[in-house]
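Colleague: Sending over a structure as structure tokens; questions will come in a sec.
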């Protein structure tokens, strides 16, 4: 049995075999393996007795469930209309320039992946950036760059 299969079995044991376990199981895999491989998704389908298509569909619907390996630090910028009005494009352009990547890409050193996210629930404090699990509200391009530099320097 592959490590992925063992992980999936453990997660299913912990979360149960119902359709409701799908999300926690997928999130558990991403936490451990940093992304959802085809293998992992097929294992989940088998263990939860779901169609593979249903697992793929769920994984691709929730943008935070990555189906390709990502960088060490996942940077997500909220793309909702409120953040949009507060200048998120400026933030995104600044980040793209600083990291030399487009949305959805990972830097060459594999340190950062830049993504947009659907509402992060912080609209009143937009624009918002999420790095891994840390929320950075009320951003300015300058602030966004300083935060990035911190991450680039430190070993988060």
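The values are calculated or read from the model by the stated rules, or taken from the named source; none is laboratory data. Just so it is clear, the model here is predicted, and its values are computed rather than measured. Cβ coordinates were reconstructed from backbone atoms using ideal geometry, including for glycine residues, and neighbour counts include every protein chain displayed.
Colleague: Pick from 36, 22: which is in a loop (DSSP other than H, G, I, E, B) and in contact with a helix residue (DSSP H, G or I) (Cβ under 7 Å, 6 or more places away or on another chain)? Spell out the reasoning first.
Modeller: Working: 22 fails: in a loop (DSSP other than H, G, I, E, B).
The unique qualifying residue is 36.
Colleague: Follow-up question, since we're still on this one. Could you tell me whether residue 44 is over 26 Å from residue 104 (Cα atoms) and modelled with pLDDT of 90 or more?
Modeller: Details: over 26 Å from residue 104 (Cα atoms): no; modelled with pLDDT of 90 or more: yes.
When the stated conditions are applied, residue 44 does not pass them.
Colleague: From the list 36, 22, 42, exactly one residue is crowded, with 18+ Cβ neighbours inside 10 Å and farther than 30 Å from residue 149 by Cα. Which is it? Working first, answer last.
Modeller: Working: 36 fails: farther than 30 Å from residue 149 by Cα; 42 fails: crowded, with 18+ Cβ neighbours inside 10 Å.
Within the list 36, 22, 42, the selection yields 22.
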